[in-house]
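Everything on this sheet refers to the single structure shown next.
Throughout, read-outs are computed from the coordinates displayed, never taken from laboratory work. Because the structure is a prediction, the values reported are computed rather than measured. When we count neighbours, we look across all protein chains shown, and the Cβ atoms used for this are built from the backbone with ideal geometry, even at glycine.
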DNA sequence: CAGCATCCATGTTGATACTG
DNA sequence: CAGTATCAACATGGATGCTG
């Protein structure tokens, strides 16, 4: 632990966040409303059933998301962000802001390249 | 782009940061001093030559890191953080803080479980 | 010193079909 | 509705040997 202290924390944090769909799942749940399985699917059109299940299980395992089952037919399951999960909000927000700027910057570069060609 | 705006930014941001070793590489370069290839290897003992090369190339590609070659024998190459790369600092810092708390929390839970057993 | 090339092991995600 | 199971594809990382 002593010889690679910084790395541990990064890895621990990133493990909770990475996974192709975790940030976007957390993002939606951080809006505050509990969401049902199929509601999440609709909000994240490209995700497969399988990956949504897997990632939700992992987030639940880490106590970032809570899962409430209503024992009824048809089944109803609601996912919501936990108090602990809310502590991720600053990270997600920072990532979101930076990502936005990053995309815009990349876009600008492409446009400049196009411009250079026609000059 | 319109139907999944949030996702794009997250993915864009995370792409720049993930990769098993990127955060730790950026972390070291963010200290300010330019570092040579083998200096980075020493600072990150577990990384392989291959991965250090690959990740540095990707970071360079995104203009987060700059690579300066001194044409001499033996070769000398220095890597340093770019101005743009410095904009990642808040993200890395936030991740680092959260990761630290996350690890401590997990540790606490384990201890409590041990405690429960002996009770 | 600072790499590149090759091959291989593993992990992650996707496609598809099926179920209480 | 909210999953599970299985198989296949692809991405990521590691080990090793070689080079200007």
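Compared with the dominant principal axis of the Cα atoms in chain A, helix A:49-61 is inclined by about 70°.
The same position residue B:32 in the other copies lies at 4.3 nm from this copy, comparing label points 7 Å beyond Cα toward the beta-carbon, shortest first.
Please determine, in degrees from 0 to 90 and to the nearest 10, the orientation of helix A:5-17 with respect to the longest principal axis defined by the Cα atoms of chain A, where the helix direction is its Cα long axis. Once rounded, one gets 70 degrees. Each copy carries a label point for residue B:19 at 7 Å from Cα along the beta-carbon vector; from one copy to the others these points are 2.4 nm apart, nearest first.
Please determine, in degrees from 0 to 90 and to the nearest 10, the orientation of helix B:89-118 with respect to the longest principal axis defined by the Cα atoms of chain B, where the helix direction is its Cα long axis. Helix B:89-118 sits at roughly 30 degrees to that axis. For the pair residue A:39 and residue B:57, a Förster radius of 41 Å applied to the C-beta separation gives a FRET efficiency near 0.50, rounded to the nearest 0.05. Before anything else, pin down the relative contact order of chain A: Cα pairs under 8 Å, at least 6 apart, normalised by residue count, whole percent. Across chain A, relative contact order equals 22 percent.
Per residue of chain A, the DSSP helices (runs of n ≥ 4 H) give a summed -39500 (n - 2.57) that works out to -20000 deg cm²/dmol at 222 nm.
Highest GNM mean-square fluctuation among A:103, A:68, A:11, for chain A modelled with Cα contacts below 10 Å: A:103. Here is the tail figure for region A:71-119: Cα pairs spaced more than 17 Å apart come to 64 percent of all pairs. Placing R0 at 30 angstrom, the Cβ-Cβ distance between residue A:50 and residue B:113 gives a FRET efficiency of 0.45 after rounding to 0.05.
A P(r) calculated from all alpha carbon pairs of the protein assembly as shown, with 10 Å bins opening at zero, reads 7, 26, 29, 22, 11, 4, 1, 0 percent. Of all the options A:93, A:78, A:60, the one that moves most in a Gaussian network model of chain A with Cα springs shorter than 10 angstrom is A:93. In terms of its Cα atoms, chain B spans 67, 45, 24 Å along the principal axes, sorted from long to short. Can you grab the distance from the C-alpha centre of region A:86-119 to the C-alpha centre of region B:60-95, Å, no decimals? When both Cα centres are located, 19 Å separates them.
Label-to-label distances for residue A:93 across copies, nearest first, come out at 1.5 nm, using points 7 Å from Cα in the beta-carbon direction.
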